[in-house]
Amino acid sequence: MTTGSRFITDFGLILPERLDLLKQIASVAASQSLPLFVVGGFVRDLLLHHSVNDFDLVVEGDAIHFGNALVRKYGGKLTPHQKFHTAIWHLPNTSETLDLITARKETYLAPGALPTVTPATMEDDLRRRDFTVNAMAIRIDGGHFGELLDPLNGRADLENKIIRVLHPKSFVEDPTRIFRAIRYEGRYSFTLEPATLSLINSESISVIMRLSGERIRHELDLVFEEENSSQMLLRAGKLGLFNAIHPKLPMFNPDYFVFLEIDPILDIPMSRMEIGYMLWFMDLMEDDILSIARRLDFSSDMTHSVWAVSQLKKSLPFLVNSRPSVWSLALENLPLLSIYVVYLVSRESALLDYLSIWRHVKPHTTGDDLKARGLTPGPRFGEILSQLRAAWLDGDLESAQQEQDMLERLIKLN
Ligand code: ATP
């Protein structure tokens, strides 16, 4: 057995059905004489006594061959990826899937590029990872169940609450690890070991410029999903990462940190990540927002939502004290979440009224009613309906009869 091995016996934080599944998978590995390991975040969180349910499974051998054996024994379906020596096992009778990975070595042909992968031992596989605390594995096949593989002393760093890279070129090879380090530091209140911290320097930060927008955005998305995202954003800003992403990317306004932690109060879909970007870019110039959105490879919907926030915030002074129908007209084509975010920072009550009441207001009259009255469908239809709606919104109508009377007047004008 390799250095640093020890048996882990406390699996009490895994749901019993997950542990059963793990044992079933392990029995197939044992029958095939394939060393099988759970790795990475699973081991880290298990040792930290956090609840764990997602497995990262690594086989020292052929993961596709192993996946086929699982399907033969338990059913389900396998999607193999020959190129990466991985497979996805679609478990029987559920929509759940499990990733099966072949232990591998990685070589980086250029800083910031994606690595070239070749099959290897579990220990090699651990040596390609980001931090010592993520570079542990627990072997689970047969009599090996619970054997900890810890060649890089991750367990000691975990106990000392330290984030440490595995080698000095780690951040240059892959600067997404800088963001990962900041996330673990903030999530677990760990400390970046001094030599590791000093490796976040101009050399590694400059490689961030070469990362694709998609890879950077993925890292930022993950930050927004964290409970301590404010602390992480502050740290990333102070380390000078934002400027390397885009020269116009500002520090996150600390006045807005509080809104990252909001509890949804309305029936509109909330996304911490979307709210995060909206708050971050809201006070920028339009051109800068669009340029940053391109750099981060935002979808057109996301770009529109972020842009809408900045536009709405800028137009608030012109809308204040308007009638509800005017507010509604200004807001009706904007994403609901964008309106909500502007409400958060401005506390303009009309925005909340729009989101909770005004947007649901409709006249009793419908297009079919107008047709039944002999009107030919056309733009005038829409005009009549919106005039009725505006009258309801502004309190000019209070009963169905009043609406009928108004409708008669409008039809006569036609
Ligand atoms: P989290 O709780 O943040 O999801 P995790 O450890 O499960 O943590 P994943 O992103 O799912 O994180 O990655 C799984 C494992 O793969 C990590 O524990 C780490 O060992 C390894 N890993 C992930 N990203 C990298 C990277 N950029 N460089 C090296 N190893 C990585």
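The values are calculated or read from the model by the stated rules, or taken from the named source; none is laboratory data. Given the structure is predicted, the values throughout are model-derived calculations rather than measurements. All Cβ positions, glycine included, derive from the backbone under ideal geometry; neighbour counts span all protein chains shown.
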(message) Tell me whether segment 355-365 contains one or more residues that are modelled with pLDDT under 90, outside any loop (DSSP other than H, G, I, E, B) and at negative phi.
(response) no
(request) Return yes when Ile101 is in contact (Cβ under 8 Å) with a residue 12 or more places away in the chain, assigned to a helix (DSSP H, G or I) and within 12 Å of the ligand (Cβ to nearest atom) and no when it is not. (result) no
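Which of the residues that make up segment 118-165 are acidic (Asp, Glu), within 12 Å of the ligand (Cβ to nearest atom) and surrounded by fewer than 23 Cβ atoms within 10 Å (Cβ to Cβ)?
In the first step, residues of segment 118-165 are kept if they are acidic (Asp, Glu); the result is 123-125, 130, 141, 147, 150, 157, 159.
With within 12 Å of the ligand (Cβ to nearest atom) added as a condition, the list becomes 125, 130.
If the condition is that a residue be acidic (Asp, Glu), within 12 Å of the ligand (Cβ to nearest atom) and surrounded by fewer than 23 Cβ atoms within 10 Å (Cβ to Cβ), then Asp130 is the only one that fits.
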(message) So, restricting to helices (runs of 4 or more DSSP H) that lie completely within segment 204-303, which ones have at least 1 residues that are basic (Lys, Arg) and either farther than 25 Å from Ser356 by Cβ or assigned by TED's automatic domain parsing to the domain that holds Lys314 (or both)?
(response) 213-225, 229-238, 272-281, 286-295
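Select from segment 18-73 the residues that are of a type in the set (Lys, Arg) and surrounded by fewer than 21 Cβ atoms within 10 Å (Cβ to Cβ) and write down the one among them that is farthest from the ligand (Cβ to nearest atom). Walk me through it before giving the result.
Within segment 18-73, the subset of a type in the set (Lys, Arg) is 18, 23, 44, 72-73.
With the extra rule that they be surrounded by fewer than 21 Cβ atoms within 10 Å (Cβ to Cβ), the set shrinks to 18, 23, 72-73.
Numbers: Arg18: 15, Lys23: 21, Arg72: 28, Lys73: 26 Å.
Per the stated criteria, the residue is Arg72.
Of the residues Ser230, Ser198, which is in contact with a Leu (Cβ under 6 Å, 6 or more places away or on another chain) and polar (S, T, N, Q)? Lay out the reasoning, then the answer.
On the way: Ser198 fails: in contact with a Leu (Cβ under 6 Å, 6 or more places away or on another chain).
Result of the check over Ser230, Ser198: Ser230.
Of Arg155, Arg129, Arg139, Arg180, which residue is basic (Lys, Arg) and free of Cβ contacts under 8 Å to residues at least 60 places away in the same chain? Break it down stepwise before answering.
Working: Arg155 fails: free of Cβ contacts under 8 Å to residues at least 60 places away in the same chain; Arg129 fails: free of Cβ contacts under 8 Å to residues at least 60 places away in the same chain; Arg139 fails: free of Cβ contacts under 8 Å to residues at least 60 places away in the same chain.
Unique residue meeting the criteria: Arg180.
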(request) Determine whether Ile25 is in a helix (DSSP H, G or I), hydrophobic (A, V, I, L, M, F, W, C) and either in contact with a Pro (Cβ under 6 Å, 6 or more places away or on another chain) or assigned by TED's automatic domain parsing to the domain that holds Ile208 (or both). (result) no
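Just to check your reading of the model, which residue among Glu193, Glu214, Glu227 is at pLDDT below 95, within 24 Å of Gly41 (Cα to Cα) and charged (D, E, K, R)?
Details: Glu193 fails: at pLDDT below 95; Glu214 fails: at pLDDT below 95.
The match here is Glu227.
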(message) I need the full set of residues from segment 76-98 which are β-branched (Val, Ile, Thr) and assigned to a strand (DSSP E or B), in order please.
(response) Thr79, Thr86, Ile88, Thr97
(request) Would you please list the contacts, defined by Cβ atoms under 8 Å and residues six or more apart or on different chains, that run from a residue in segment 247-264 that is more than 20 Å from Ser346 (Cα to Cα) to a residue that is modelled with pLDDT of 95 or more and β-branched (Val, Ile, Thr)? (result) Lys248/Ile292; Leu249/Ile292
(request) Take the residues in segment 224-254 that are under 16 Å from Leu284 (Cβ atoms) and among the hydrophobic types (A, V, I, L, M, F, W, C), then tell me which one is surrounded by the fewest Cβ atoms within 10 Å (Cβ to Cβ). (result) Met251
(message) I'd like to check something: does segment 180-193 contain any residue that is outside any loop (DSSP other than H, G, I, E, B), away from the ligand (no atom under 15 Å from the Cβ) and closer than 22 Å to Glu159 by Cα?
(response) yes
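Residues checked against (1) within 34 Å of the chain's Cα centre (by Cα); (2) among the basic types (Lys, Arg); (3) over 23 Å from Ser399 (Cα atoms):
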position	(1), (2), (3)
Ser325	no, no, no
Ala330	yes, no, yes
Leu334	yes, no, yes
Ser338	yes, no, yes
Tyr343	yes, no, yes
Trp358	yes, no, no
His364	no, no, no
Gly367	no, no, no
Ala372	no, no, no
(message) Tell me the residue from Pro115, Pro175, Pro168 that is within 13 Å of the ligand (Cβ to nearest atom), surrounded by fewer than 22 Cβ atoms within 10 Å (Cβ to Cβ) and not hydroxyl-bearing (Ser, Thr, Tyr), please.
(response) Pro115
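Can you name every residue in segment 224-234 that is of a type outside the set (Asp, Glu) and more than 17 Å from Ala293 (Cα to Cα)? If you could, list the steps in order and put the result at the bottom.
To start, the set of residues in segment 224-234 that are of a type outside the set (Asp, Glu) comprises 224, 228-234.
Within segment 224-234, Asn228, Ser229, Ser230, Gln231, Met232, Leu233, Leu234 meet the criteria.
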